[in-house]
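The values are calculated or read from the model by the stated rules, or taken from the named source; none is laboratory data. Worth saying up front: this structure is predicted, and the values here are computed from it rather than measured. Heads up, the Cβs are rebuilt from the backbone with ideal geometry, glycines too, and the neighbour counts pull from every protein chain shown. What goes into the accessible areas is simple: the full protein's heavy atoms, side chains included, and nothing from ligands, DNA or RNA. Shrake-Rupley method; radii C 1.70, N 1.55, O 1.52, S 1.80 Å.
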Amino acid sequence: MEILITGGAGFIGSHFADYMLRSYPNDRIVCLDKLTYAGNMHNLEGALENKNFTFVCGDIADEGAVEKLFCSHSFGMVINFAAESHVDRSIADAAPFIRTNVAGVQTLLSACVRHNVARFHHISTDEVYGDMPFDDEVTKFGENSPLRPSSPYAASKAAADLLVGAYCRTYGLFATLSRCANNYGGRQFPEKLIPVCISRALNNLPVPVYGSGQNVREWLDVYDHCRAIDLILQKGTAGQVYNVGSGECLSNNALVGDILGILGKSRSLIEYVPDRMGHDRRYCTDSSMLRALGWRPQVTLAQGLARTVRWYVENKRWLECVLSGEYLKNNAHYAATNSIK
Ligand code: NAD
Ligand code: TDX
C-alpha cells in the first residue's frame, strides 16, 4: 500500500515514518512536508536510506500541489501531522496557523474524498479541550468534553477537528482523529519545554520557566504515540475521536527539576520569566477508549525522560545544527530537488 504522511520532517511525523518503515516493510511511504522552520531533513536521514520512502517538498494548503501529488500516487491511507505546532508562535501571529492547521486540513480532506482514499487519520491535541483549574486533580478530559481552546494554536486545531467530523458525516470519508498529550523524545525542535530545558542546561544557561511553573502537562513518549496511531489505523471506528494520554501528569517545576537532576545540574539554573498569555493551567486526558482497543503506554516518564536526555547528549551535532540554523541549508537542498513539479 502507498501511505501519505504529511509533516513527516517534524518531530512526531519523522518518528512515525521510521515506525511505519520498520513495522510494514511491504508498504511505501510518501512524506509531504513544506519544510518550514520546524521541518528538518536530518530527522529523515534513516528513512531516506529506505527504498520504500519518498520525500516530497510541498504545502498541504496548496490545492494544486496536493492534487498533483494525489494524481501521481494511489494512497490507501493519509495521516496528517503537518501543522504549525508552537503555542507561543500562535500568540505572536495566528495567521500561519489558520492557513496550515485549518485550510491545509480542508485541502487534504477534499483530496481524500476526490481520490477515494480509504483511510484518513488526523493528529490533534488535548489542547482543544482548554484547561482545568490547578485545584481539580480529579477531572479528566474525555472525547466528548466540550472544545474550549485557549490559544490561537488550539483554536486552529479545534477547527480542523470539526472539519474532519464534517467530512466523515457529509462525504462518508473513513476518518479518525487522535488528541494526544504533550509528546517528548529525540528530534523535538528546541522551542518546546523539554528540548529548551536540556539544550540550555547542557550549556549552563538559565532555563526559562513561565509564571509560577505550577502548570501541569501530561507527558507521552513519542514511540507510545506512534503505537497508538498504528492501532487506531488498524482498529479505529470511522468518525471516532481517541484521546492518547499516558496518565503521567506533572507540573513544569517538577519536570524541569527532574531533567536538571538527570543532567546533574543545579536547580538554581531555573529562571522564572513572565507567564505565557492565556497560559493553560492543567491538562489530563481520559484515554480509556483507546485502552479498550488494547493500547497501553510501554514507556514510563522516568524511563522516557532519561532516554530523551541521553538522545540530546549523544546528538549534540543535531542540536548545534538547529540552533545555528545550519539545518536550513540542508532543507533548501531538498526543497530545490524534491518539490512537486
Ligand atoms: P513539528 O512542528 O515538529 O512538525 C510539524 C511539521 O509540519 C514540520 O516538519 C513542518 O515543516 C511541517 N509543516 C508545517 N506546515 C506545513 C504545511 N503547510 N504543509 C506541509 N507541511 C507543513 O510538530 P510536531 O510536534 O511533530 O507535531 C505534529 C502534530 O502533532 C501536529 O499536528 C501537532 O499539532 C500535533 N501534536 C503535537 C504534540 C507535541 O507535543 N509535539 C502534542 C499533541 C499534538
Ligand atoms: O521555555 C518554556 N518555558 C515554560 O515554562 C517553554 C517553551 C514552555 N514552558 C511551559 C509552557 C507549558 O506549560 O511548559 C509547558 C509546555 O510548553 P510547550 O513545550 O510549549 O508545550 P505546550 O504549550 O504544552 O504544547 C505542546 O503540547 C500540545 C505542543 O507544543 C503542542 O503542539 C501540542 O498540541
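Side notes on the structure shown:
- Globularity index of segment 158-208 is 1.86 (Cα radius of gyration / 2.2 N^0.38 Å, N = number of residues).
- Averaging the sequence gap over all C-alpha pairs within less than 8 Å and six or more residues apart, then dividing by the number of residues, gives the chain a relative contact order of 19 percent.
- DSSP-loop GluC sites (Glu not before Pro) across segment 117-163, with at most 16 other Cβ within 10 angstrom: 137
- Volume of the convex hull of segment 124-279 (Cα atoms only), normalised per residue: 123 Å³.
- Note that segment 7-115, at 37 °C in a medium of 0.692 mPa s, gets a Stokes-Einstein diffusion coefficient of 228 µm²/s from its Kirkwood radius over C-alpha pairs.
- When Rg and the Kirkwood radius Rh are both evaluated on Cα atoms of segment 61-192, their ratio Rg/Rh stands at 1.00.
- Where 140, 51 fall by accessible area, highest first, once all protein chains stay in place (1.4 Å): 51, 140
- The chain - percent of accessible surface contributed by carbon and sulfur, probe 1.4 Å: 51
- Sequence-distant contacts, meaning Cα pairs under 8 Å at least 6 residues apart, place the relative contact order of segment 113-231 at 29 percent.
- A 1.4 Å probe run over the protein chains yields, for segment 1-110, 36 Å² of accessible area per residue, whole-number rounding.
- Share of pairwise Cα-Cα distances greater than 17 Å in segment 128-187 is 52 percent (whole percent).
- Dimensionless Rg ratio for the chain, taking C-alpha atoms and the 2.2 N^0.38 Å reference: 0.95
- With N as its number of residues, segment 99-170 has a Cα radius of gyration that, divided by 2.2 N^0.38 Å, comes to 1.28.
- Out-of-range pairs (alpha-carbon distance over 30 Å; input 316/341; 51/192; 68/329; 235/329): 316/341; 51/192; 235/329
- Beyond 22 Å, the tail of the calculated P(r) for segment 191-295 holds 44 percent of the Cα pairs.
- Distance histogram for segment 251-298 (every C-alpha pair counted, 10 angstrom bins, percent rounded to whole numbers): 19, 29, 29, 20, 3
- Annotation: segment 284-341 has a Kirkwood hydrodynamic radius of 15.3 angstrom, from the mean reciprocal C-alpha pair distance.
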